[in-house]
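Below: one structure, written as structure tokens.
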Amino acid sequence: MILLMGFFNQKKKENSKLSVHPQKLHIRTHMLQILLLSHIITFLIGNYMKEQCILCIQSINLKENCEEIDVSCLILTFETCTSSPITTVSGVTSSTAVRVYANQVIRLIMDLLCNAYSNTSDEDEDVEKRALPPLKRAKHEFLHTSSRTLPVVGLTQSKNIPTEAPIAGRYISKRERTLMASASQSSLVGPPTYSACSPVQGSISDSYIRKDILLSLRNRTKDYSNSVHTSERISTPLTGHTKAVNAIQWSKTHSHLLASAGMDSSIHIWNVWNTEQKKSRVFNIHTAAVKDIQWSNHGLSLLSCGYDCSSRLVDVEKGLETRVFKEDQAVGVIKFHPNNSNLFLSGGSNGLIRLWDIRTGNEVNRYSRGLGPILDLEFMNNTREFISSSDESKSNISENSIIVWDVSRQVPLSNQIYVEAYTCPCIRHHPNDPYFVAQSNGNYIAIFSSKPPFRLDKYKRYESHGVSGFPIKCNFSPDGKKLATGSSDGCIYFYDTKTCHLIKKTKVYEQTCVDVAFHPVISNIIASCSWNGEISVFE
């Protein structure tokens, strides 16, 4: 039998029986094998007694993956040279001879087709060069790049393209050619560009802090009797915020870390006594000013809220935002439940107070009384009630400015606690005794009983500092013996909680001192922040 067939590298010959453009001939080898096998076997079995046999397959149209493949002018001619019927092949019966002969024909055809389809042919290489011109390396400008160099993913690193060299004779489909082209283009692009810088600025470990501080932190000394006074020496200035700092708080579980929230929409985590890099994390997750922050009682989770109508939970160690709590109001204050870190309260500009569950991200309870903007929230020591402070200056109903709520029943227990016409930007409960205090814009700190009917103490108050309309906060020392507060004159005032007498006044800033925070372990350390963005740690 003589097989006459045109090949791609013989297309210039005039007597070529096969003339197919390589870009149109995209048929998978196994599909073509099935097609040829069916036609040849049918032909041989039905016509093997004939002396001359011709099989023509013309204008085959196949569809694969929604791509129409047109194979035109494909003519395969099989012609026998024997003048007698096929009876035997080497003494084998005619039926067996047909099968052996068919297998030989199929192998011969497939070998010829593989040679025609080989991507190592000269003409195929010429077509590939015309189809895919060499790409020039593009120049890129990176606004923010990671400090770690990322590996460039090239053609041999793609998951969709084989890493070994192409096998001669293997058909390369149109999809594979497209993937190879895209991979070659991506290999010239370079490292990816990041839309925001990484929040990781330094280490949060306590490995590089001062030895005297590290010893005190690890011993976790609870005796505060030796620290009656606080010196005026500024031990550690922390700079990074560009606008006013609204809140600061020490971590209870990792007490060498201090968090700060600013009007510049950023949250900073400070490794205060680190000898190499004090700024550990910078989170720019809010789109407006950050009003309050709260460390979780368990682990390195930090909760924040701001004027972008959201509260956000971040994993400080990994530098990732883990949960977002959207509201229809600017959120001004948040407070974790003392006994359950999966619950927290949030209060906002519309006067709504919500209790959230971190695990589900859903609102559990809502506390509403038509109040003005919520200024502060504080849990009672028994955790069954909490206190809210709101701005009622526009409604002229001063008795609603401080309300005690029942957590489970969502009802107010008392609303006639503070009847003076001043707003209270800060509420703090004593760590041990049954009373709480309220920072008043009347330039004093009022004292209230935490037992019903939550009466105001008319005979005792803390007064020497100034508030002057600023959101100035106050805090008790961990042992409850001292009360520290910021002031509009840039000083920190220390009061004796038993006698309400002023212990000391320390000048720290030229502008308003907004917040103060006692260290949870070391009694003679206190942090403060100012309206001009400064943060200081005193020893």
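The values are calculated or read from the model by the stated rules, or taken from the named source; none is laboratory data. Remember, it's a predicted structure, so these values are computed and weren't measured experimentally. Neighbour counts run over all protein chains shown; Cβ positions are idealised from the backbone, glycine included. Just so you know, the surface numbers come from the protein's heavy atoms only, side chains and all, with ligands and any DNA or RNA stripped out. Shrake-Rupley method; radii C 1.70, N 1.55, O 1.52, S 1.80 Å.
Restricting attention to region 413-439, which residues are of a type in the set (D, E, K, R) and farther than 19 Å from G486 by Cβ? Within region 413-439, E420, D433 meet the criteria. Within region 528-539, residues that are farther than 11 Å from V508 by Cβ have Cβ atoms under 9 Å from residues that are among the hydroxyl-bearing types (S, T, Y) and crowded, with 22+ Cβ neighbours inside 10 Å in these pairs: W531/T512; N532/T512, counting only partners at least 6 apart in sequence or on another chain.
Taking region 164-215 as the range and being among the aliphatic types (A, V, I, L, M), exposed (fewer than 13 other Cβ atoms within 10 Å of the Cβ) and at pLDDT 75 or above as the test, only L215 passes.
Right, I503: open to solvent by 10 Å² or more (accessible area, probe 1.4 Å) and outside any loop (DSSP other than H, G, I, E, B) or not? Spelling it out, I503 is indeed open to solvent by 10 Å² or more (accessible area, probe 1.4 Å) and outside any loop (DSSP other than H, G, I, E, B).
Checking each residue in region 520-531 for being surrounded by fewer than 23 Cβ atoms within 10 Å (Cβ to Cβ) and at pLDDT below 95 picks out P520, V521, I522, N524. Being surrounded by fewer than 16 Cβ atoms within 10 Å (Cβ to Cβ), on the phi < 0 side of the Ramachandran plot and touching a residue at least 24 places away in the same chain (Cβ under 8 Å) holds for only one residue in E327, E321, E378, and it is E321.
Consider S265 carefully, then state whether it is assigned to a strand (DSSP E or B), hydroxyl-bearing (S, T, Y) and either out of contact with any Lys or Arg (no Cβ under 6 Å at 6 or more places or on another chain) or modelled with pLDDT of 95 or more (or both). No: the conditions fail for S265.
Scanning region 296-311 for residues that are part of a strand (DSSP E or B) and open to solvent by 10 Å² or more (accessible area, probe 1.4 Å) returns a single hit, S301. When residues in region 349-372 are screened for being open to solvent by less than 60 Å² (accessible area, probe 1.4 Å) and without any contact (Cβ under 8 Å) to a residue 40 or more places away in the chain, 8 of them pass. Only one of the numbered conditions (1) modelled with pLDDT of 95 or more; (2) more than 16 Å from the chain's Cα centre (by Cα) is not met by R312, and that is (2).
You will find that of N342, N284, the residue that is open to solvent by 10 Å² or more (accessible area, probe 1.4 Å), more than 23 Å from I535 (Cβ to Cβ) and not small (G, A, S) is N342 and no other.
For region 231-281, filtered to residues that are open to solvent by 50 Å² or more (accessible area, probe 1.4 Å) and out of contact with any strand residue (DSSP E or B) (no Cβ under 8 Å at 6 or more places or on another chain), the residue that is farthest from Y509 (Cα to Cα) is H254.
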